[in-house]
Amino acid sequence: MKRALASTLLLASGLAMSACGAPNAAQDSPETVTVKQTVTEYEDPTPAETAPPAGEAAPEAQPEQPAPETAPAPPAGNHNINVGQVGGDCGTTDSGIPIKAGSATSCEFAAAMFDAALQATFTVTHVASSEVTQVPHAAVAVASPVTKETYNLDCRLGSDWATVTCEKPEDRTVSAWFTPELPDRMSNYVDIVENYG
């Protein structure tokens, strides 16, 4: 645990120091950044390293307690995006799916929307008397990495189930959409529950 914490602190320190460089003209254009973090697990010392001093009795071994179950954290995407850009073509997800952002949406927030959509369960309710094509929806709350505000968003699959669009209700400028190259579809990446009623 200590090594993992040290690795994280070292990475954070390096990122903070790199932000202190002198400005130049190259910083005016969007920058594509890929962030990777390596965490080294703590290794228990060998029995020889923990043996009691000569003449002292070794403590009795305690039965090992199982670790409590915890829900896994959503995977943070290792996306290739244009950091600092707002709106437009942002880059791609870690699986190569294009990320597009609404006119008031940062590329960082659009990538966070993608991660949240992958963790959500989309529900489609089929109504026998309806003449309208029902599409799967998911309600998600996503924090913007830029503004630190949390937005309640509606994510939905298109009628062909190829594209996922996430947007703030009543404000399409806060939105993002993701469409893999056909024949791939976003329905291959998200969980969908169908209700018949």
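Here are the numbers for this structure:
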item	result
Residue match in the range 66-78 (condition: more than 24 Å from residue 183 (Cβ to Cβ), at pLDDT below 95 and in contact with a Ser or Thr (Cβ under 8 Å, 6 or more places away or on another chain))	yes
Boolean, residue 103 is hydroxyl-bearing (Ser, Thr, Tyr), modelled with pLDDT under 95 and either exposed (fewer than 15 other Cβ atoms within 10 Å of the Cβ) or under 15 Å from the mean Cα position of the chain (by Cα) (or both)	no
Residues located in the range 164-179, provided they are surrounded by fewer than 21 Cβ atoms within 10 Å (Cβ to Cβ) and touching a Leu at 6+ places or on another chain (Cβ under 7 Å)	167, 168
Long-range neighbours under 7 Å by Cβ, at least six apart or interchain, first residue free of Cβ contacts under 8 Å to residues at least 60 places away in the same chain and assigned to a strand (DSSP E or B) within the range 120-141, second exposed (fewer than 13 other Cβ atoms within 10 Å of the Cβ) and aliphatic (A, V, I, L, M)	none
Looking only at the range 138-161, and only at residues there that are of a type in the set (Gly, Ala, Ser) and at pLDDT 95 or above, the one that is surrounded by the most Cβ atoms within 10 Å (Cβ to Cβ)	138
Residue selected from the range 180-197 under the condition under 19 Å from residue 133 (Cβ atoms) and under 17 Å from the mean Cα position of the chain (by Cα), by the criterion surrounded by the most Cβ atoms within 10 Å (Cβ to Cβ)	186
Any hit, the range 119-135, residues being buried (at least 17 other Cβ atoms within 10 Å of the Cβ), at pLDDT 95 or above and within 15 Å of the chain's Cα centre (by Cα)	yes
Residue count for the range 159-176, restricted to those that are in contact with a helix residue (DSSP H, G or I) (Cβ under 6 Å, 6 or more places away or on another chain) and touching a residue at least 40 places away in the same chain (Cβ under 8 Å)	3
The range 177-197 residues that are touching a residue at least 24 places away in the same chain (Cβ under 8 Å), paired with ones that are charged (D, E, K, R) (beta carbon under 7 Å, 6 or more apart)	177/100
Set 181, 131, 167: member being in contact with a Ser or Thr (Cβ under 6 Å, 6 or more places away or on another chain) and either over 20 Å from residue 98 (Cβ atoms) or not β-branched (Val, Ile, Thr) (or both)	167
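The values are calculated or read from the model by the stated rules, or taken from the named source; none is laboratory data. These numbers were taken from a predicted model, which means no experiment stands behind them. Cβ coordinates were reconstructed from backbone atoms using ideal geometry, including for glycine residues, and neighbour counts include every protein chain displayed.
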